[in-house]
Amino acid sequence: MERLEQLRDQVRAGLMGLDGIQAVVAGNTDPSFYRRYLENAWHYAQHSSVVIGLAGSRCVNSHPALAEYLLHHALEELGHDEWALQDLAALGADMAAVHASRPVPACAAMIGFEYYTAGHANPAGLFGWLYVLEAMGDDLGHLVSEKVAASLSLPDGVNFLAGHGEADEDHTREIIKQIKTNIPAADMPDVIHVAEVVADLYVRMFQEIGDGK
C-alpha cells in the first residue's frame, strides 16, 4: 500500500496546486471551470458501472472475492452520471450543449484505459483506478462541495461532489481492505501501474479543464 498512499498524496498535491482548484478553496469558484468539470464528470461517470461490472465478471473464476465486491460496487455507482446532469441544470448550463460535448483528452484517455484494464488486461488492476478516484472523493469531496455551494450560491448544485464526499470515505476504506485482503502479491504491480497512469491522467484532466480544452 505504500506506493498507493504516495500516489494519493501526489494527486492531492497536484490538484491543490492548480489555479482552478485554488480558486475553489479560496471561495472564488469560476462557474465555467465548475461547469467544465461537471461535463467531464458526467462523461466518465456514465462508464463507471459498466467498467466495474466488466472487471467483476472477468474476476469470477480467478478472484471470486474481488468479483463479489466489484459486482456489488457496480450497482452502487449506477445513476451517478445523473447527479452531474442535475448539477449542470442547477448551474443553468445549456443541456443540449452538455450532451453534445466531448471529454477533455485526459478524461477520454482515462475512460479508454479503464475499459482496456477491465476488458483486456488484468481486471484486478482496476483497483488502482478505484483507489485513486475514491481517495480523492474522500480527501476533497466535502471541502470542495462546501466551497462551490457557498461561492456560487448553489446549495442544490453540488450533488456529484457532495455525494462522493459522503460515500467515498466508506468506499476508500473498503477498497483498501480488498487490496490488502484479496489481491494476491502477483497482481499488485498491475494495481500500482493502473494507479500511476490514472494519477497522471486525473490531474491532467483538471489542468485541461482549467485551460478550457
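The values are calculated or read from the model by the stated rules, or taken from the named source; none is laboratory data. Quick caveat: nothing in here was measured; it's all calculated off a predicted structure. Neighbour counts run over all protein chains shown; Cβ positions are idealised from the backbone, glycine included.
General observations
- Cβ-Cβ distances below 6 Å connect the following pairs, each with a first residue in the stretch 43-67 that is closer than 23 Å to M205 by Cα and in contact (Cβ under 8 Å) with a residue 24 or more places away in the chain, a second residue that is surrounded by 21 or more Cβ atoms within 10 Å (Cβ to Cβ) and among the acidic types (D, E), and a separation of six or more residues or different chains: V51/E114.
- Condition broken by D94, with the remaining ones in (1) free of Cβ contacts under 8 Å to residues at least 24 places away in the same chain; (2) farther than 20 Å from G212 by Cβ; (3) of a type in the set (D, E) satisfied: (2)
- Total residues in the stretch 62-85, condition farther than 17 Å from D156 by Cα, of a type outside the set (S, T, Y) and either assigned to a helix (DSSP H, G or I) or touching a Pro at 6+ places or on another chain (Cβ under 9 Å) (or both): 13
- Residue among A96, A149 that alone is at pLDDT 95 or above and farther than 23 Å from D9 by Cα: A96
- Condition check for A13: small (G, A, S), modelled with pLDDT under 95 and part of a helix (DSSP H, G or I): no
- Cβ-Cβ under 9 Å pairs, at least 6 apart or on other chains, the stretch 198-212 side assigned to a loop (DSSP other than H, G, I, E, B), far side surrounded by fewer than 18 Cβ atoms within 10 Å (Cβ to Cβ): G212/S32
- Single residue of the stretch 167-213 satisfying the filter (crowded, with 17+ Cβ neighbours inside 10 Å and among the polar types (S, T, N, Q)) that is nearest to the chain's Cα centre (by Cα): T172
- Residues of the stretch 86-118 satisfying the condition of being in a helix (DSSP H, G or I) and under 14 Å from Y34 (Cβ atoms): Q86, D87, L88, A89, A90, V98
- Taken together, the residues in the stretch 119-137 that are modelled with pLDDT of 95 or more, assigned to a helix (DSSP H, G or I) and surrounded by fewer than 23 Cβ atoms within 10 Å (Cβ to Cβ) amount to 1.
- For the stretch 120-164, a residue qualifies if it is among the polar types (S, T, N, Q) and without any contact (Cβ under 8 Å) to a residue 40 or more places away in the chain, and the qualifying residues are S145, S153.
- Scanning the stretch 22-33 for residues that are part of a helix (DSSP H, G or I) and either over 21 Å from G92 (Cα atoms) or aromatic (F, W, Y) (or both) yields Q22, V25, F33.
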